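Beneath this line is the structure, given in structure tokens, with notes to follow.
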Amino acid sequence: MNRTRFISTLGPSCFDRKSVREMVKLGSTSFRINIAHVEPGYVTETRKLLKGIKVSGNIGPSIIVDLKGPEIRARFPGVKEFSIIGNKIYRVGEGGSADVILTPGDVISQLEEGDVILLSDGRIRMKVVSSDGNGVKVRARNSGVIRNNARVNIPDKELNLGAITERDEIFLREGIKEGVDFFALSFVQSAKNVEEFRGKIEELGGDQFII
């Protein structure tokens, strides 16, 4: 158990020393920062918050910076929700006449006939039936209502999106400067992503562990 970490996520409701001390008392040994919900400077403030707090003997709690990664999202122009009708053909693109807009736009050019697109954690399944220079046409395999900015997964396909985003790099630099212990890498597709990320950490002078 001496190598086990009990991770707590820091947020607005517990970002004070009294709360942190109570969390440590209850067993927390590591504190996670989800950069999707904070602004630059938060890692520095977290380091200040945890200064002097010990989890065991003279050992302070670990800090984990959880990077957002190159996630794919689906947007629907002009509406908060979009109704998908099973077996209907939709155009997926970067904008213009597209029914579904995927971001980042780099995804579009990498889609091929037969690829499966899962929307909103798999609630809606689509299959690419054709592609051209302006986007792809997909056939909905089932019906449902999807909220704008829904998460997208494209299973069994390695996409060239890189390991981290520009926003991730801002927090990566801050985390290295503040000497955090771990970086959590999201949306990993292959060992190549981890190797690329390791190289970036070393390039910036860090030696943190990667989750």
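The values are calculated or read from the model by the stated rules, or taken from the named source; none is laboratory data. Computed from a predicted model, the values in this text were never measured in an experiment. In this analysis, Cβ positions are derived from the backbone assuming ideal geometry, glycine residues included, and neighbour counts consider all displayed protein chains. We work out accessible area using only protein heavy atoms, side chains counted, and drop any ligands, DNA or RNA first. Shrake-Rupley method; radii C 1.70, N 1.55, O 1.52, S 1.80 Å.
Points worth noting:
- When residues of the stretch 139-172 are limited to those that are out of contact with any Gly (no Cβ under 8 Å at 6 or more places or on another chain), open to solvent by less than 30 Å² (accessible area, probe 1.4 Å) and in a loop (DSSP other than H, G, I, E, B), the one farthest from Ile201 (Cα to Cα): Ile154
- Filter result for Gly175 (assigned to a loop (DSSP other than H, G, I, E, B) and either more than 24 Å from Asp115 (Cα to Cα) or among the basic types (Lys, Arg) (or both)): no
- Residue list for the stretch 22-48, filter: in a helix (DSSP H, G or I) and farther than 20 Å from Ile170 by Cβ: Glu22, Met23, Val24, Lys25
- Sole exception among (1) surrounded by 14 or more Cβ atoms within 10 Å (Cβ to Cβ); (2) more than 19 Å from Leu49 (Cα to Cα) for Gly175, by number: (2)
- Filter result for Gly60 (over 25 Å from the mean Cα position of the chain (by Cα) and on the phi > 0 side of the Ramachandran plot): no
- Members of the stretch 49-87 that are open to solvent by 30 Å² or more (accessible area, probe 1.4 Å), of a type in the set (Val, Ile, Thr) and not in a strand (DSSP E or B): Val55, Val79, Ile85
- Considering residues of the stretch 92-118 that are part of a loop (DSSP other than H, G, I, E, B) and under 12 Å from Val128 (Cα atoms) only, the residue most open to solvent (accessible area, probe 1.4 Å): Glu113
- Residue list for the stretch 22-41, filter: surrounded by 13 or more Cβ atoms within 10 Å (Cβ to Cβ) and touching a residue at least 24 places away in the same chain (Cβ under 8 Å): Val24, Ser28, Thr29, Ser30, Phe31, Arg32, Ile33, Asn34, Ile35
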